[in-house]
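**Student:** Provided herewith is a single structure, encoded as structure tokens, for subsequent inquiry.
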Amino acid sequence: DGLVWRSRVTEGGFRRVNYFIKHFIVDAKGEFSPAIEWITDARDPKIVCHPVVRMVTDMVWTRVAFRSFLAGKTWFLFTLVVFVLSQSILKDIEDDLAESTAEAATAEQRAIAGSESVTVEPENHVQSVRITIFVLRCFIYVFCLGERVVYHAKNMIADCRNKQFIDLSYARVPAYLENWQDMVSLGLMLFLLLMLCLEPILHCIGQTDGGMLFREDCPAGEDLLFMYALMSTMAMLMFFMLLSDLSVFSTRVSAFVLCCGRVVSEMMLFLIGLSFLVVAFSCIVSTLDQDSADFDGLLQSALRLYTISFGMFGGERYNQLEDSPVLMAAIFAFVATSVVFLTNLLIAQLNCAYQASYLDMLGFARLNRGKIVH
């Protein structure tokens, strides 16, 4: 193809090969060549695995793009650590300290009543943890949320001015959202914005309890804790979905991640089939003349059938079904169709889907790296 020259003479079992890569890296003006961008935009997993293309992309990745990509991901990892600290780790520490302080206060009251001496843990530690949580959450709202608001506003305005839109399901969205990382980042921005609006600490400002600052347990804050925790859970999920972008450091890991994405549709079909069986057998079990507490009603029966499907139904509970042979027969029929048949069918589908997609996954993994390079 004119890109590789191989010598017809072998030396020690090796053959000399020359790669012509100059114009893959620089153009006639001495600037960075758009060749890699063109190859990546073609989205052909076989072309990107060509020896010359593979060599050029690996060279540009290791010597140029790797450092800038790592610098950007280092900031993302730092914000993720701050988010985990403010939402999970320090929150648990605060709960433990608050419980210890309450126990110490109870012990103090008993000691006063009994004229005994006891050491009471001060509340300064709880206050310090609350201040730390407030500072870290402010960091997330200002820098992480602010950065994403600026990024998405800039891209949306640019796409709207240039009238660049794509059809996503039944809606037209800006073209930059075609990239799934940008879509997840937009979701993360929205959840962080909702967290800011529902922040219990902000709703409890001005309501102090014994001089404690940055409370979350005031009446106004407690009403929002459930929704705030739900938004925090979704934001945490978005963070770790974006973290999967680090798989580009290794083409094998990236190919594995892409394979997982390709076979997830088979998993969704399995869950749809399982849900159909759960609804059908829940209705069947609810019509039986049985008095089992585990299958009392339609919703209760559906919950128990899901636990059976995922192996969470204890063995001693099966023994309780012996009092109702008809109910036991229905449960055995459900186990045979869901656990035995559907599970093995899922394994076969995953195996076929993996074999069909694996041949091109390494090429798609290199395409992902090519996007970062150009």
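The values are calculated or read from the model by the stated rules, or taken from the named source; none is laboratory data. From a predicted model like this one, the values you see are computed outputs, not experimental measurements. Heads up, the Cβs are rebuilt from the backbone with ideal geometry, glycines too, and the neighbour counts pull from every protein chain shown. Ligands, DNA and RNA are excluded from the accessible area calculation, which covers all protein heavy atoms including side chains. Shrake-Rupley method; radii C 1.70, N 1.55, O 1.52, S 1.80 Å.
**Student:** List every residue pair whose Cβ atoms sit under 7 Å apart, with the two residues 6 or more apart in sequence or on different chains, where the first one lies in the stretch 219-242 and is over 20 Å from Val84 (Cβ atoms) and the second, anywhere, is open to solvent by less than 40 Å² (accessible area, probe 1.4 Å) and of a type outside the set (A, V, I, L, M, F, W, C).
**Tutor:** So the pair list comes out as Gly221/Pro200; Gly221/Arg215; Leu224/Pro200.
**Student:** Further, regarding this structure: Quick one: is Val263 within 30 Å of Ala365 (Cα to Cα), in contact with a Ser or Thr (Cβ under 8 Å, 6 or more places away or on another chain) and in contact (Cβ under 8 Å) with a residue 24 or more places away in the chain?
**Tutor:** Yes.
**Student:** Taking the stretch 150-177 only, how many residues are assigned to a helix (DSSP H, G or I) and surrounded by 13 or more Cβ atoms within 10 Å (Cβ to Cβ)?
**Tutor:** Qualifying residue count for the region: 9.
**Student:** Would you kindly identify the helices (runs of 4 or more DSSP H) lying entirely within the stretch 7-78 that contain at least 3 residues that are among the aromatic types (Phe, Trp, Tyr)?
**Tutor:** In the stretch 7-78, no matching helices (runs of 4 or more DSSP H) lie anywhere.
**Student:** When you scan the stretch 257-275, how many residues do you find that are surrounded by 15 or more Cβ atoms within 10 Å (Cβ to Cβ) and over 23 Å from Val339 (Cβ atoms)?
**Tutor:** 4
**Student:** Looking at this structure, is Asp182 open to solvent by less than 40 Å² (accessible area, probe 1.4 Å) and either more than 25 Å from Gln87 (Cβ to Cβ) or not aromatic (Phe, Trp, Tyr) (or both)?
**Tutor:** When the stated conditions are applied, Asp182 passes them.
**Student:** May I ask you to list pairs of residues, at least six apart or on different chains, whose Cβ atoms are under 8 Å apart, with the first in the stretch 63-86 being open to solvent by 80 Å² or more (accessible area, probe 1.4 Å) and the second being of a type in the set (A, V, I, L, M, F, W, C)?
**Tutor:** Within 8 Å, the pairs are Val64/Val373.
**Student:** Would you confirm, using the coordinates I've provided, whether Val120 is in a helix (DSSP H, G or I) and either under 30 Å from Ser244 (Cβ atoms) or modelled with pLDDT under 70 (or both)?
**Tutor:** No, not satisfied.
**Student:** So, one more: Determine whether Phe191 is of a type outside the set (A, V, I, L, M) and on the phi < 0 side of the Ramachandran plot.
**Tutor:** yes
**Student:** Continuing with the same structure: Which ones in the stretch 325-374 are buried (at least 18 other Cβ atoms within 10 Å of the Cβ), small (Gly, Ala, Ser) and at pLDDT below 85?
**Tutor:** Listed by number, the residues that qualify are Gly363, Ala365, Gly370.
**Student:** Being at pLDDT 85 or above and either among the polar types (S, T, N, Q) or open to solvent by 50 Å² or more (accessible area, probe 1.4 Å) (or both) is the filter here, so list the residues in the stretch 303-324 that pass it.
**Tutor:** Leu303, Tyr306, Thr307, Ser309, Phe310
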